[in-house]
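The values are calculated or read from the model by the stated rules, or taken from the named source; none is laboratory data. What you see is a predicted model, and the numbers here were worked out from it, not measured in a lab. Positions of Cβ are generated from backbone atoms using ideal geometry, with glycine treated the same way; all protein chains shown enter the neighbour counts.
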Amino acid sequence: MFDYSDKTQDLLARVKAFMDEHIYPNEHRYHDEVNAGDDRWQPTKVVEEMKVKAKEAGLWNLFLPESEHGAGLTNLEYAPLCEQMGRVLWAPEVFNCSAPDTGNMEVLARYGTQEQQERWLKPLLAGEIRSAFAMTEPDVASSDATNIQSSIVRDGDEYVINGRKWWTTGAPDPRCKVLIFMGKTDPDNESRHRQQSMILIPMDTPGVHMTRVLPVFGYDDAPHGHAEIEFKDVRVPASNLLLGEGRGFEIAQGRLGPGRIHHCMRAIGAAERALEKMCQRVTERVAFHKPIAAQGVTRQRIADARILIDQARLLTLNAAHMMDTVGNKVAAKEIAMIKVAAPAMACQVLDWAIQAHGAGGVSDDFGLAYAYAQLRTLKLADGPDEVHRNAIAKLELSKYANISR
């Protein structure tokens, strides 16, 4: 079922070769550059150099389906490439395939006007700027997106935006030039899913104030980061609205489906790398007069990690296949399932890998602690596990709704 096309196999071989030649040998350099100097919020030289090489190698914008701007891959075709990039947390940016830019570019490509695409999509596709997605709010439970309170009010030829957002990933990056903002244009609409809209807000618009950078388990994720932002009487042209008033949820669903495939495949890549490091570590270390690899508990964890990773991969590829063949709506349960399964798997495998490394596992020497911090957020991002489990259960129960006992 998941026999990759010749096109995908060729691209996969090329991505693997690029990772071997350029990414893995520069992991320490990246770490050193991020932590060097007085201003950690500047793009690293190593990533900018690698971007040029990725463009030259024809490995650029691989994520974008059905478009003259990208490789034109289906979700299933792109999935294994995404997994390879996920083996190093900063690698997707090298290929211009990192979140939240990928989702924002898909939104602009699918829903943007010609003017919006010219102003924002083209420079994003070229890697000249970056972007952010402002949806989550500190004052409400954003696991229920209908709770969003930020307002988007029409005033003549402009919209006026007010509200507070946080966990706006990428906003602290000096290259971030535009936000996609979700707020309410019609708070009294009887349909809770027709109250919201999405609008484009340039970062330099008066009234946009970044109040703080939010760390993840102590990591600030420079030079990309996550911000809390206050929007006070922000005015943008009415032409900045995406698709139309009340279409925010429609856009969100179109954006989040492929994004969840990407997140899960990157998580699988990170878990594969963690298992690889774990196996290397336990064969090199001796405890109680024999290699750690000879300990029964170690072998059990390695076996379980292999099983969990392969299960998550097959589940994710199945969801990608269904999205390509029957659409996101029909594949809703499968998409929700991978969003629960893949992050849980990755966190477990990383936890075992950390344990196998002993004290070194919680340091920055092996990249495992940072990877765990990043992947733990996926149990919250794009909808928390509880929301997805509830959706899965409702869809499963619906099969028995008319069965009498």
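Restricted to segment 355-405, and to residues there that are in contact (Cβ under 8 Å) with a residue 12 or more places away in the chain, among the aliphatic types (A, V, I, L, M) and in contact with a Ser or Thr (Cβ under 9 Å, 6 or more places away or on another chain), the residue that is nearest to residue 330 (Cα to Cα) is 387.
Quick grid of which residues meet (1) crowded, with 23+ Cβ neighbours inside 10 Å; (2) at pLDDT below 95; (3) closer than 19 Å to residue 100 by Cβ:
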{"residue": "249", "(1), (2), (3)": "no, yes, yes"}
{"residue": "252", "(1), (2), (3)": "no, yes, yes"}
{"residue": "260", "(1), (2), (3)": "yes, yes, yes"}
{"residue": "265", "(1), (2), (3)": "yes, no, yes"}
{"residue": "281", "(1), (2), (3)": "no, no, no"}
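A quick yes/no check of all residues on (1) more than 17 Å from residue 245 (Cα to Cα); (2) part of a loop (DSSP other than H, G, I, E, B):
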{"site": "136", "(1), (2)": "yes, yes"}
{"site": "146", "(1), (2)": "no, no"}
{"site": "149", "(1), (2)": "no, yes"}
{"site": "153", "(1), (2)": "no, no"}
{"site": "161", "(1), (2)": "no, no"}
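Touching a strand residue (DSSP E or B) at 6+ places or on another chain (Cβ under 9 Å) and not small (Gly, Ala, Ser), is that true of residue 41? For residue 41, the condition - touching a strand residue (DSSP E or B) at 6+ places or on another chain (Cβ under 9 Å) and not small (Gly, Ala, Ser) - is met. Within segment 35-60, residues that are in the same structural domain as residue 224 (by TED's automatic domain parsing) and farther than 14 Å from residue 17 by Cβ have Cβ atoms under 7 Å from residues that are surrounded by fewer than 16 Cβ atoms within 10 Å (Cβ to Cβ) and of a type outside the set (Lys, Arg) in no pair, counting only partners at least 6 apart in sequence or on another chain. Residues in segment 21-78 that are of a type in the set (A, V, I, L, M, F, W, C) and either part of a loop (DSSP other than H, G, I, E, B) or on the phi > 0 side of the Ramachandran plot (or both): 36, 41, 57, 59, 60, 62, 63, 64, 71, 73. Taking the stated definitions as given, is residue 77 among the acidic types (Asp, Glu) and over 14 Å from residue 14 (Cβ atoms)? For residue 77, the condition - among the acidic types (Asp, Glu) and over 14 Å from residue 14 (Cβ atoms) - is not met. Among residues of segment 104-131 that are among the acidic types (Asp, Glu), those with a beta-carbon under 8 Å from a residue that is modelled with pLDDT of 95 or more and part of a helix (DSSP H, G or I) at least six positions away or on a different chain give the pairs 115/239. Here segment 283-317 is the region considered, the condition is being among the charged types (D, E, K, R) and surrounded by 20 or more Cβ atoms within 10 Å (Cβ to Cβ), and the residue that is farthest from residue 365 (Cα to Cα) is 313. Scanning segment 254-265 finds no residues that are within 23 Å of the chain's Cα centre (by Cα), among the hydrophobic types (A, V, I, L, M, F, W, C) and either assigned to a strand (DSSP E or B) or under 30 Å from residue 294 (Cβ atoms) (or both).
Of all residues in segment 185-223, those satisfying the criterion of being out of contact with any helix residue (DSSP H, G or I) (no Cβ under 9 Å at 6 or more places or on another chain) and not in a loop (DSSP other than H, G, I, E, B) are 208, 209, 210, 211, 212, 213. Note on segment 160-216: among residues that are within 18 Å of the chain's Cα centre (by Cα) and of a type in the set (Gly, Ala, Ser), the one that is surrounded by the most Cβ atoms within 10 Å (Cβ to Cβ) is 171.
Among the conditions (1) within 22 Å of the chain's Cα centre (by Cα); (2) part of a loop (DSSP other than H, G, I, E, B); (3) of a type in the set (A, V, I, L, M, F, W, C), residue 401 misses just one, which is (1).
Counting only residues that are of a type in the set (Gly, Ala, Ser) and more than 20 Å from residue 215 (Cβ to Cβ), which one in segment 376-405 is surrounded by the most Cβ atoms within 10 Å (Cβ to Cβ)? Among residues in segment 376-405 that are of a type in the set (Gly, Ala, Ser) and more than 20 Å from residue 215 (Cβ to Cβ), the one surrounded by the most Cβ atoms within 10 Å (Cβ to Cβ) is 383.
Yes/no per residue for (1) assigned by TED's automatic domain parsing to the domain that holds residue 15; (2) touching a strand residue (DSSP E or B) at 6+ places or on another chain (Cβ under 7 Å):
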site: 86; (1), (2): yes, no
site: 95; (1), (2): yes, no
site: 100; (1), (2): yes, yes
site: 135; (1), (2): no, yes
site: 145; (1), (2): no, no
site: 168; (1), (2): no, yes
site: 176; (1), (2): no, yes
site: 185; (1), (2): no, yes
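Going through segment 265-319 one residue at a time, which ones are out of contact with any Pro (no Cβ under 8 Å at 6 or more places or on another chain) and among the β-branched types (Val, Ile, Thr)? Hits for segment 265-319 are 268, 286, 292, 297, 298, 302, 307, 309, 316.
Kindly evaluate residue 78 against the criterion of being farther than 22 Å from residue 322 by Cβ and of a type in the set (Phe, Trp, Tyr). No: the conditions fail for residue 78. Can you tell me which of 244, 269 is modelled with pLDDT of 95 or more and assigned to a loop (DSSP other than H, G, I, E, B)? When all the criteria are applied, what remains is 244.
In this structure, is residue 373 outside the structural domain of residue 144 (by TED's automatic domain parsing), modelled with pLDDT of 95 or more, outside any loop (DSSP other than H, G, I, E, B) and surrounded by 15 or more Cβ atoms within 10 Å (Cβ to Cβ)? So residue 373 passes the test.
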